[in-house]
Amino acid sequence: MSEPATDSSDEGLTARPADRPWMMRTYSGHSTAKASNQLYRTNLAKGQTGLSIAFDLPTQTGYDPDHPLARGEVGKVGVPVVHKGHMATLLDGIPVDQMNTSMTINAPAAWLLGLYVVNAIDQGVPTEALRGTTQNDIVKEYLSRGTFIFPPKASLRLTVDMFAYCSQNAPLWNPMNVCSYHLQEAGATPVQEIAFSLATAIDVLDAVRESGQVPPAEFSSVVASVSFFVNAGIRFVEETCKMRAFTQMWDRLTAERYGITDPKARRFRYGVQVNSLGLTEAQPENNVQRIVLEALGVTLSRDARARSLQLPAWNEALGLPRPWDQQWSLRIQQVLAFETDLLEYDDIFAGSHVIEAKTAELMEAADAELVEIQALGGAFEAIEELKGRLVRSHAERLRRIERGEQTIVGVNAFTEAAESPLAGDGSIQQVDPGVHAEMVADVQQWRSSRDQSAVGAALESLEAAAQTGSNIMEPTIALANAGGTTGEWAGLLRDIFGEYRAPTGVAAAAGAGGGSDALAAIAKRLQDLEFGPPRILVAKPGLDGHSNGAEQIAVAARDAGMEVVYEGIRMTPEQIAAVARDEDVDAVGISILSGSHLELVPHTIALLREAGIEAPVVVGGIIPEADRQALLAGGVAAVFTPKDFEIGEIIGTVADLAVAHRDSLKS
């Protein structure tokens with residue numbers, strides 16, 4: 001990994017050992033623990049050097065597969081892990097004492113860490129040997145990703161408990177990965193990414209320090225255990241400067257606010273997934289070069305280089321990538337690390353006036369934004385304000401794309417192209433629809449075969465800890481060991497802590513980006529309608545929390561003069577039908593990005609019709625062409641996918657459908 005570098009092009013340069021490459025991961029998991037284990041072992045054999053586990057939405061939101069809200073979602077965007085048997089199967093043949101594992105899990109992070117610990121103990125591995133990360137950044141879930149469960153105060157308490165447990169029992173484990181990745185996906189500017197993330201880290205570290213669970217002498221190790229997970233967009237020069245700004249600001253913050261004197265403990269340690277927001281359904285082959293360029297933004301600067309990197313697959317805007325697609329992304333990393341001379345030099349930007357000036361500009365602006373957030377009480381107190389800023393930033397980005405001010409090759413420029421040989425049938429992974437039934441049977445059999453008295457006693461201990469404020473981790477581990485399930489752990493804590501409904505941020509984005517001529521024209525057309533403007537319900541059924549698209553449709557529909565009903569994520573089909581009836585809507589828009597559209601949309605339409613709602617239904621999401629045709633045949637009036645970037649056209653279609661529906665009621 002560190003053979004001496006040679007430079008045949010310039011004998012005057014001194015050779016030095018090449019740096020060790022970053023950790024190479026592939027974010028993956030689907031269907032079942034057994035299928036995902038096979039995928040992990042295959043990827044490791046191909047040269048992947050760390051695991052990055054993607055969990056399905058029921059696991060991420062604390063539901064067992066047989067819960068009504070899990071309908072259509074099991075195994076779709078990741079692997080279902082319900083009990084310790086699943087964790088054992090998932091990691092079968094993978095030595096956890098030699099593996100660095102990243103788990104993208106947030107609200108139930110304590111539970112998944114508990115399952116991971118139990119599995120390690122069963123393998124004879126001490127917890128002190130475990131290396132890895134639980135993402136566990138609940139603020140960004142409130143703001144952008146949507147897999148939250150509990151209110152902010154309770155969520156912060158769970159995070160603090162994990163820090164305290166790990167500091168004493170798993171010192172090599174990162175309890176939290178402060179995550180700006182999804183903030184950029186939701187429209188954050190580089191300045192907002194930096195400021196929002198640092199504000200979250202400050203809130204958590206302050207809370208750990210104030211909890212009294214960690215002795216002051218050991219607090220430096222707590223600071224050192226904080227890692228970050230960032231996004232790298234296509235503007236890779238600016239992204240390089242962003243990472244240099246992040247690095248310098250974190251070093252300064254940990255020294256000044258927390259008095260950390262050890263430079264290693266102040267080091268900004270981060271992993272990366274490059275930008276999935278910029279991947280396009282149109283001309284998807286262009287995504288390959290986008291991924292390569294985005295990877296440069298977090299690898300070129302040695303002083304701010306990523307510790308781990310995972311690249312998306314070229315076809316993620318189309319659906320779930322296949323193993324071959326993931327291999328392609330891994331090979332991009334390997335070529336960059338092992339074929340180029342990237343790792344043979346000190347920081348190539350040292351002394352660059354351009355890079356230093358841009359870095360300083362970002363730091364100054366991020367400092368100002370951070371001061372504003374602190375004045376609002378910190379990130380956990382300012383959720384509604386921060387959400388509004390993100391939705392507005394995203395709306396401004398979309399308006400720039402619509403006006404052609406921001407070029408997206410193949411989307412709003414250079415759209416003429418030969419047919420891609422990469423796309424078409426078979427270009428994405430399909431999850432077996434029988435997985436849901438298989439997992440329901442699995443969890444029901446598991447519950448019936450375990451020691452119920454042991455599970456009951458463990459649940460009582462967990463309840464006592466939650467009620468009294470004791471550290472949650474030991475009773476969580478005990479429940480995992482006794483055979484408890486994801487739904488039982490989360491369900492008990494739901495009863496104690498309650499559930500959270502996050503703000504939508506829609507109101508803050510009205511008229512963002514100077515508005516839109518197309519939306520203004522629609523508003524003028526609708527303003528004189530008999531009985532007032534059309535009323536549209538924007539709905540997100542199921543557990544899909546990626547609400548960016550739904551929020552932007554709601555913003556645009558309001559800017560177009562329509563009345564909008566939008567109540568946020570995680571509505572059941574029954575709730576959608578009831579709201580549509582009670583609000584007497586003229587159209588229903590359904591947004592699903594998790595792949596559950598074939599299950600949830602027909603069910604929702606059936607309930608709407610049973611309730612006497614004949615309003616047209618439109619659907620948006622990552623929907624393959626074959627599924628699109630099935631939805632249209634099943635009564636959907638229009639289907640929109642990522643290639644439909646002109647929101648004015650989308651809203652115009654919805655308005656036409658709504659007006660036509662009204663006219664039909666008159667006749």
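The values are calculated or read from the model by the stated rules, or taken from the named source; none is laboratory data. Predicted, not measured: the structure shown is a model, and the values here were computed from it. Every residue, glycine as well, gets a Cβ built from its backbone with ideal geometry; the counts of neighbours run over all protein chains shown. We work out accessible area using only protein heavy atoms, side chains counted, and drop any ligands, DNA or RNA first. Shrake-Rupley method; radii C 1.70, N 1.55, O 1.52, S 1.80 Å.
Expressed as a whole percent, the accessible area of region 97-170 that falls on carbon and sulfur atoms is 48 (1.4 Å probe). Computed with a 1.4 Å probe over protein heavy atoms only, the accessible surface of the chain comes to 39 Å² per residue. Listed by number, the DSSP H helices of the chain that run 27 Å or longer by alpha-carbon position along their axis and have mean Kyte hydropathy of at least -1.0 are 190-211, 236-258, 353-375, 383-402, 647-666.
In the calculated pair distance distribution of region 564-649, what percentage of Cα-Cα distances lie above 17 Å? Tail of the P(r) past 17 Å holds 44 percent of the pairs.
With a Förster radius of 60 Å applied to the beta-carbon distance between SER664 and LEU44, the computed FRET efficiency rounds to 0.55. Straight-line cross-link partners of LYS643 among the aspartates and glutamates, defined as a Cα under 18 Å from its Cα and at least 8 positions apart when in the same chain: GLU185, GLU281, GLU285, GLU316, GLU402, GLU405, GLU416, GLU419, ASP425, GLU551, GLU625, ASP627.
For region 192-281, the relative contact order comes to 36 percent (Cα pairs under 8 Å, sequence separation of at least 6). Annotation: amide H-H contacts under 5 Å for MET571 (H modelled 1.01 Å from N, sequence separation of 5 or more, or interchain): LYS540, GLY542.
The order of the peptides 525-532, 458-465 by mean Cβ neighbours within 10 Å, most packed first, is 458-465, 525-532.
Amide H to amide H, with H built 1.01 Å from N, GLN429 comes under 5 Å of LEU320, ARG322, counting only residues 5 or more places away or on other chains. Each semi-axis of the equivalent ellipsoid for region 198-334 is √(5λ) with λ an eigenvalue of the Cα gyration tensor; in descending order they amount to 35, 15, 12 Å. Considering region 451-595 at the alpha-carbon level, its Rg and Dmax are found to be 22.0, 67 Å. Residue by residue, region 540-547 carries 3J(HN,Hα) couplings of 10, x, x, 9, 5, x, 6, 9 Hz when phi is fed to the Karplus relation 6.51 cos²θ - 1.76 cosθ + 1.60 (θ = phi - 60°); x denotes Gly or Pro.
For the pair region 50-116 / region 155-227, the C-alpha centres are spaced 21 Å from each other.
Using the average count of surrounding beta-carbon atoms within 10 Å as a protection proxy, the listed peptides 63-70, 138-145, 479-486 rank, highest first, as 138-145, 479-486, 63-70. Within straight-line reach of LYS84, meaning a Cα separation under 21 Å, sit the following lysines at least 8 residues removed in sequence or on another chain: LYS34, LYS76. Name the shape class, rounded, prolate or oblate, that the alpha-carbon gyration tensor gives for region 279-400, where a ≥ b ≥ c are the square roots of its eigenvalues, rounded holds for a/c under 1.5, and otherwise prolate holds if a/b is larger than b/c and oblate otherwise. Taking the square roots of the gyration eigenvalues as a ≥ b ≥ c, region 279-400 is oblate. Using the alpha-carbon positions of the chain, Rg (one decimal) and Dmax (whole number) come out as 24.8, 87 Å.
Taking every C-alpha pair closer than 8 Å and separated by at least 6 residues, the mean separation divided by the residue count of region 336-495 gives a relative contact order of 10 percent.
Highest mean packing first, where packing is the average number of other Cβ atoms within 10 Å per residue, the peptides 614-624, 177-187, 414-424 line up as 177-187, 614-624, 414-424. Over all pairs of different C-alpha atoms in region 550-598, the reciprocal of the mean inverse distance, the Kirkwood hydrodynamic radius, equals 11.9 Å. The alpha-carbon of LYS358 sits under 29 angstrom from the alpha-carbons of these lysines, leaving out residues fewer than 8 places away in its chain: LYS140, LYS242, LYS264, LYS387. Report the Cα centroid-to-centroid distance between region 349-363 and region 636-667 in angstrom, as an integer. Result: 47 Å between the Cα centres.
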